[in-house]
Amino acid sequence: MLYAYGKCFDPTGARHGIPTFPWRCAPDGYVTFRQLRARGLRPGGQPIAAQVLRPRYRRGPLVAYLYRLDQAKQVRPMTPGKRAALAKANTARRTCPKCRTDAGYVIPTSLGMCVPCAYPEEQCAA
């Protein structure tokens, strides 16, 4: 094991407070949040069980928190009310506040309005 990875290996949690493993060396039964979501699961209120560290040159290490797979729960299903609220929020993000039309894309927060309203002189030239 490389010297840098040796600093990241703490299976008892004596140095870091929780069990720590080098990047891509997590034991079976521990998964990240994204891996849980890919399997249709959620942490379900369980605390962080372990972490993996990836050392970086001149910066702090990258950290990925791990959860126990056997304690994970199924993702709650989408209800009709949640689906309607999400559709309404996405419609609001696509509606230009200046011309009140659906832009067909999410309005950039840097502009605050659709592109034709933000740059009208370029639309006339085209």
Table column - 3J(HN,Hα) (Hz), the stretch 58-71, Karplus curve with 6.51, -1.76, 1.60, x for Gly and Pro: 6, 9, x, x, 6, 10, 10, 7, 10, 10, 6, 6, 6, 9
Given Cα pairs under 8 Å that are at least 6 residues apart, what percent is the relative contact order of the chain? 17 percent
Please calculate how many Å² of accessible area the chain carries per residue, with a 1.4 Å probe and no DNA, RNA or ligand atoms counted. 74 Å²
For the chain, size of Cβ-based charge dipole, Lys and Arg +1, Asp and Glu -1, in debye: 300 debye
How many angstrom lie between the Cα centre of the stretch 60-126 and the Cα centre of the stretch 10-30? 36 Å
Mind pulling the angle between the C-alpha long axis of helix 80-94 and the longest principal axis of the chain? Nearest 10 degrees, somewhere in 0 to 90. 60 degrees
Could you sort 107, 48, 18 by accessible area so the largest value comes first, with the probe set to 1.4 Å? 48, 18, 107
Sorted by chain and number, the residues with a modelled amide H under 5 Å from that of residue 10, at a separation of 5 or more or across chains, are 20, 21
Checked against the positive end of the charge dipole of the stretch 1-108 (+1 on Cβ of Lys and Arg, -1 on Cβ of Asp and Glu, about the Cα centre), the farthest of 79, 103, 16 is 103
Apply the Karplus parameterisation 6.51 cos²θ - 1.76 cosθ + 1.60, with θ equal to phi minus 60°, to every residue of the stretch 27-41 and state each ³J(HN,Hα) to the nearest whole Hz, in sequence, with x for glycine and proline. x, 4, x, 10, 9, 7, 4, 5, 5, 4, 4, 5, 8, x, 10
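Answer rounded, prolate or oblate for the stretch 16-126, using the Cα gyration tensor with square roots of eigenvalues a ≥ b ≥ c: rounded when a/c is under 1.5, else prolate when a/b is larger than b/c, else oblate.
Verdict is oblate for the stretch 16-126.
The values are calculated or read from the model by the stated rules, or taken from the named source; none is laboratory data. None of these values were measured; they are calculated from a predicted model. All Cβ positions, glycine included, derive from the backbone under ideal geometry; neighbour counts span all protein chains shown. The area values use the complete protein model at the heavy-atom level, side chains included, leaving out ligands, DNA and RNA. Shrake-Rupley method; radii C 1.70, N 1.55, O 1.52, S 1.80 Å.
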